[in-house]
Number of protein chains: 2
Amino acid sequence: MGYGFRTGAGRGPARPWGRRYGEGAATVSERKASGGAGRATIRDVAERAGVSVASVSRVLSGNYPVSDELRRRVMKVVRDLDYVTNAHARSLAGGGTPTVAILINNITGAAFAHVAKGVEGAASLRGWLSLVGTTGDDPERELALVNLMRQQGVAAVVLLGGAYDFDEYQLRMARFARSLDAAGSHLVLVGRPPLEGDVAATTVDYDNEGGAYAMASHLLSAGHRRVLVLPGHSELTTAQGRLRGARRAFEAYGVPFDPGMVLHGPYDYGHGYDAVEESLRRELDFTAVLAGTDVVAAGAMHALRGAGLRVPEDISIVGYDDIPLASQLTPQLTTVHVPYEEMGRAALRAVADRREGGAGRRGGGDGAHLVLGTHVVVRNSVQPPARRS
Amino acid sequence: MGYGFRTGAGRGPARPWGRRYGEGAATVSERKASGGAGRATIRDVAERAGVSVASVSRVLSGNYPVSDELRRRVMKVVRDLDYVTNAHARSLAGGGTPTVAILINNITGAAFAHVAKGVEGAASLRGWLSLVGTTGDDPERELALVNLMRQQGVAAVVLLGGAYDFDEYQLRMARFARSLDAAGSHLVLVGRPPLEGDVAATTVDYDNEGGAYAMASHLLSAGHRRVLVLPGHSELTTAQGRLRGARRAFEAYGVPFDPGMVLHGPYDYGHGYDAVEESLRRELDFTAVLAGTDVVAAGAMHALRGAGLRVPEDISIVGYDDIPLASQLTPQLTTVHVPYEEMGRAALRAVADRREGGAGRRGGGDGAHLVLGTHVVVRNSVQPPARRS
DNA sequence: TTGAAAGCGTTACCAG
DNA sequence: CTGGTAACGCTTTCAA
């Protein structure tokens, strides 16, 4: 009748917006010449196959009964035209591939790569897509990225890596969580402590402090008493946890913990190198180095060697993370294994389960918290302390 | 008049599809309760600000003059509602954020991380988005991913890493290129040789063979004559190039090249280790190892050391890629620097330029080919050959 | 089992 | 400078 869209038999207004297919309800004319500019649409397929767009949609979605004949006809045209569905249109109409966004400070970190692999692998297993964004440690960029992901309508935003424990952090993350939740998305924190309060965010963490405790214990039980500790940046939550774990181990062993032996700094090779070099210059007395990450340990090892010290004969070194580098160093590094890839998988699983399970139980409160175990991997970088002259 | 959408004053059919805002042309009623389920839409914002959706769109797009008063009103509501544009709707309507897809075999590779960083960095600089997918060396998955990316309407698909030079490869890639081109997208090959013929794909490559030539020359000019070559998989284009370069260097130096000293295998630590161990067992006579990648070199170094051989005093080793690992090994590895990050940047730049420049010059033919230089980085893993007993 | 058409949330054109 | 609204390409309901 009077209303209706794409009916009205050619009485539409002028159309200066560009091409249009099949103007008028039953009029199959003015067809776009196949192979023209731009992507083929579902209507091109429908017309060419002599069926309705609804049928094409049903064939392609595969979630609706269609006759074999119809399917055959449609699929042939799809192949001929090399047609693929427009994901944007599909999402808009309600369907669409769920997408996870992975946000990371530095894509170059080996630990990240493994988490990303876990997420990506689990995602593609379910036919999900994954987006990656890097923040470069810039909070502004992080904010911008979260918003960008929100625009994309992602099923979840996975934030990777230790967080800086500034005052603003909790507020900011809580805001992210709320925002995403309101948009039907979800925040997942991987490798950082859970948010306080009743926030709708999932946390997938590992036993950071426990790993450090075990690692330090390993050193202590080998007889080391003077150990140089390089936990990382003092405001970084992972560094704080590692330091805490080490401290607890010292207490447990009744060994006094000397704060003067703790050197904070970034999780990189250069810091490990510099810290050890400086300690040597300052003639600090230590028989072992407890590094915050394997990369820091590698740097430390380099500096030690540069000073003519042997590892582990003169000085023992341990790392944290158990990235491939750990077993590629000489000597191979004793370190704490963190199940990064498994964490990635767990993160995606959490989101997927949540999605299937409780539609409608949104609105905060169910901040799940998963903690995966860590353990010491003993290799060749630790020996009982040498009696130093 | 008779036609029209969302006009016709309430004469529309029943609407069982769900909520709808502002039924009828001027009727501002039946508003969704703010804060309800789902994302706020541009119409929520428009209604709440008492302006038209067109105005909201203009304020948010920022590409059209609007009064300060309007902007203020709209932005306030946007903040109140925590509104973000729906990227899918935006793309569908013609706007939208350009997106690059990065496809990679193994996300864990360090070389990849740097290319990805380059692409991602350059992309976000322009406000572009980047997607990452991993193929796991599976051609089927690669195909599926390219199609997925095509569905997403990505501006370009960047394929990373050496390719397996099977017969089918050229055809497959040409098909990808054509497909993407037809959809208004573009194929970029990074770190692999360009496609043959008149194919619309851009290639960003590095002087692979030249780097190998220089690296081998370095070894030869140090006096090495018997060198164990571990180029990689024999079907991998990068491995082929590296082997070719080495061979040319031998020729240039008038040193006979012994095919028996070439051991093919994957680009991983284990292969380096195994190859050297086996060579040692077979009592192959060599004074240096020319590894296909730094990781292979690391494995080789480990095996050598396990056999009681010193590097570089007894055996010299060189790598390829110059990933961070190279300078973290002991001794630090002399290797070939490949500008991975720069390649990533170049890849994105190529796509972006192409997009701005020649709209309409699609249809094959302009397969640009960029080749970036490589160079030897001399560190401490090479010494003139020891006179062996 | 199939077809017709409304609706998803934007953008950009046209008219004022 | 602002408002109205067709169109983007698809899914899904309703009707046949």
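No lab work stands behind these numbers, since they all come straight from the coordinates. All of these numbers come straight from a predicted model, not from anything done at the bench. FYI the Cβ positions are ideal-geometry reconstructions off the backbone, even for glycines, and counts take in every protein chain you see.
Could you work out which residue, out of A:LEU125, A:LEU290, A:LEU348, moves most in a Gaussian network model of chain A, that is, has the largest mean-square fluctuation with Cα springs under 10 Å? Maximum fluctuation in the GNM of chain A, among the listed residues, is at A:LEU125. Modelled spin-label separation between A:HIS375 and A:LEU125, with each label point placed 7 Å from Cα along the Cα-to-Cβ direction: 2.1 nm. In vacuo Debye scattering of the stretch B:242-334, one point per C-alpha: log10 I(q)/I(0) at q = 0.15, 0.23 Å⁻¹? Treating every Cα as an identical point scatterer, log10 I(q)/I(0) equals -0.54, -1.25.
Sorted shortest first, the separations between the A:GLU283 label point and its copies elsewhere in the assembly read 5.4 nm; each point sits 7 Å from Cα along the Cα-to-Cβ line.
For B:SER316, A:SER67, B:SER327, A:SER130, what's the fewest-to-most ordering of other Cβ within 10 Å of each Cβ? If you can, show how the numbers build up before the last one.
On the way: B:SER316 27, A:SER67 10, B:SER327 17, A:SER130 24.
By the 10 Å Cβ count, ascending, the order reads A:SER67, B:SER327, A:SER130, B:SER316.
Would you mind checking the stretch A:135-168 for residues with the amide N under 20 Å from a putative spin-label position 7 Å along Cα→C-beta of B:ALA93? It comes to A:147-154, nothing else.
Would you work out if the protein assembly as shown is rounded, prolate or oblate? Take a ≥ b ≥ c from the square roots of the eigenvalues of the alpha-carbon gyration tensor; rounded if a/c is under 1.5, else prolate when a/b is larger than b/c, oblate otherwise. The shape class here is oblate.
Remark: the stretch A:65-81, residue by residue, has Karplus-estimated 3J(HN,Hα) of x, 9, 6, 4, 4, 4, 4, 4, 4, 4, 4, 4, 5, 4, 5, 4, 8 Hz, where x stands for each Gly or Pro and the curve is 6.51 cos²θ - 1.76 cosθ + 1.60 at θ = phi - 60°.
Report relative contact order for chain A in percent, whole number only (criteria: Cα-Cα under 8 Å, sequence separation at least 6).
On the way: 707 pairs, mean separation 58.5, N = 389.
The value is 15 percent.
GNM on chain A, alpha-carbon springs under 10 angstrom: the most fluctuating residue among A:VAL51, A:VAL318, A:VAL255 is A:VAL51. Mind running the shape call on chain A? Use the C-alpha gyration tensor, a ≥ b ≥ c as the square roots of the eigenvalues: rounded below 1.5 for a/c, prolate if a/b tops b/c, oblate otherwise. In terms of gyration-tensor shape, prolate. Going by neighbour counts of Cβ atoms within 10 Å, the residues B:ILE323, A:ILE42, B:ILE315 line up, fewest first, as A:ILE42, B:ILE323, B:ILE315. Counting every other Cβ atom within 10 Å of each residue's Cβ, A:ASP314, B:ASP167 order from fewest to most as B:ASP167, A:ASP314. Distance between the 7 Å Cα→Cβ label points at B:GLU140 and A:TYR253: 5.2 nm.
Sequentially through the stretch B:82-87, phi angles give Karplus couplings (6.51, -1.76, 1.60; θ = phi - 60°) of 6, 7, 10, 4, 7, 4 Hz, Gly and Pro residues having no value and appearing as x. Label-point spacing for A:LEU309 across the identical copies (point 7 Å from Cα in the Cβ direction), in nm and ascending order: 3.1. Annotation: amide H-H contacts under 5 Å for B:TYR206 (H modelled 1.01 Å from N, sequence separation of 5 or more, or interchain): B:GLY191, B:LEU372.
Structure remark: mean-square fluctuation, Gaussian network model of chain A, C-alpha springs under 10 Å; the largest value among A:ARG71, A:ARG282, A:ARG244 belongs to A:ARG71.
Working from Cα pairs under 8 Å separated by at least six residues, relative contact order for the stretch A:208-338 is 25 percent.
Quickly estimate the mean residue ellipticity at 222 nm for chain B, helices only: each DSSP H run with n ≥ 4 gives -39500 (n - 2.57), and the total goes over all residues, rounded to 500. Numbers along the way, then the final one.
Details: 13 runs with 161 residues, N = 389.
For chain B, the value works out to -13000 deg cm²/dmol.
Once the Cβ-Cβ distance of B:SER61 and A:ARG310 is raised to the sixth power relative to R0 = 51 Å, the FRET efficiency obtained is 0.20. Placing pseudo-labels 7 Å out from each Cα toward the beta carbon at B:ASP82 and A:ALA214 gives an inter-label distance of 3.8 nm.
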